[in-house]
Amino acid sequence: MSSRPREAEATGLELYDRTARDAAATVISRYSTSFALACRLLGPRPRPHVRTVYALVRIADEIVDGPATAAGLSTDAARQVLDDLESETLAAVERRYSSNLVVHAFALTARECGIGEDLVRPFFASMRTDLTQSSHDGASHDAYVYGSAEVVGLMCLQVFVNAGSPHPVSPSADLVDGARRLGAAFQDVNFLRDLDHDAQALGRDYLGVAEGAVDREQVLDRIDADLAAAAAVIPRLPADCRRAVTAAHDLFAELSARLRSAPAPSRRVRVPDIVKARLAARAALGFAPREVRA
């Protein structure tokens, strides 16, 4: 009698679906060890869906941030590739199939969890901004952060609330606000960490800090206020999501604290692996998100 695992028996569309999800997981494991660590703290219900969301985000980000240029694509060509990816993503959600494995995996998640065009389009709009706009004022910063980070938090929230359910529902207003503010905090932390790289390698200034238009301490204060607001609603997330979100929150709270103590870092501020492991262990044990000075 055969003792092959059930996965080996899948055929047709079922096999393709599984392969697509595996491809998404591979993308994340290659690009973000911190995210991969936090993702392992998710329960089996939301975990594969969150991976597919971040895999699509990563692929789109790479079109505007390096590999496409390294491959010789012009700005116009990169924009066309990005436009095609957006069109393929929206079409795949409707038809439940894509020849692009990452898009296929995302479409499965979007259909099951209720991720709609209202979240997909703002994300791609922000990605297009990176191809044409090098500096931002307050209004364009907020619009960019909404599309590039807040909607990603909202996509994940749709997963947290709806994965495994037959009919997606809308999350509560307090969870929506928390997801948006956590996404915004993550993005602004990354902007501060990558200030020199963005300016020198990409010619971009998302915050106006380098030109003196915005005070760095004000940005850190905003980050900490967003982290504090997000922490307040994490306990209201489904139980199989809280530990992972707490770990991510605490990692960025640690980064914020390190950025504040290094007002003019000469190197990219990072959290040592041993500290990351300690934060993950703390979250895994069920501790509440760490307090942040808001």
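The values are calculated or read from the model by the stated rules, or taken from the named source; none is laboratory data. All values reported here derive from a predicted model rather than from experimental measurement. In this analysis, Cβ positions are derived from the backbone assuming ideal geometry, glycine residues included, and neighbour counts consider all displayed protein chains.
Listing for the model above:
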| quantity | calculated |
| --- | --- |
| Any pair with Cβ under 7 angstrom, 6 or more apart, that starts in region 26-47 at a residue that is surrounded by fewer than 15 Cβ atoms within 10 Å (Cβ to Cβ) and ends at one that is not in a loop (DSSP other than H, G, I, E, B) | 29/36 |
| Residue within region 274-291 that is in a loop (DSSP other than H, G, I, E, B), under 25 Å from residue 133 (Cβ atoms) and either more than 22 Å from the chain's Cα centre (by Cα) or touching a residue at least 60 places away in the same chain (Cβ under 8 Å) (or both) present | no |
| Within region 175-222, tally of residues that are outside any helix (DSSP H, G or I), surrounded by fewer than 19 Cβ atoms within 10 Å (Cβ to Cβ), touching a Lys or Arg at 6+ places or on another chain (Cβ under 9 Å) and in contact (Cβ under 8 Å) with a residue 24 or more places away in the chain | 1 |
| Helices (runs of 4 or more DSSP H) fully within region 21-102 counting 2 or more residues that are under 17 Å from residue 130 (Cβ atoms) | 47-65, 67-70, 75-95 |
| Residue ID - nearest to the chain's Cα centre (by Cα), chosen from residues in region 101-144 that are among the aliphatic types (A, V, I, L, M), modelled with pLDDT of 95 or more and farther than 24 Å from residue 46 by Cβ | 127 |
| Residues within region 48-101 that are in contact (Cβ under 8 Å) with a residue 60 or more places away in the chain and within 27 Å of residue 194 (Cα to Cα), tallied | 9 |
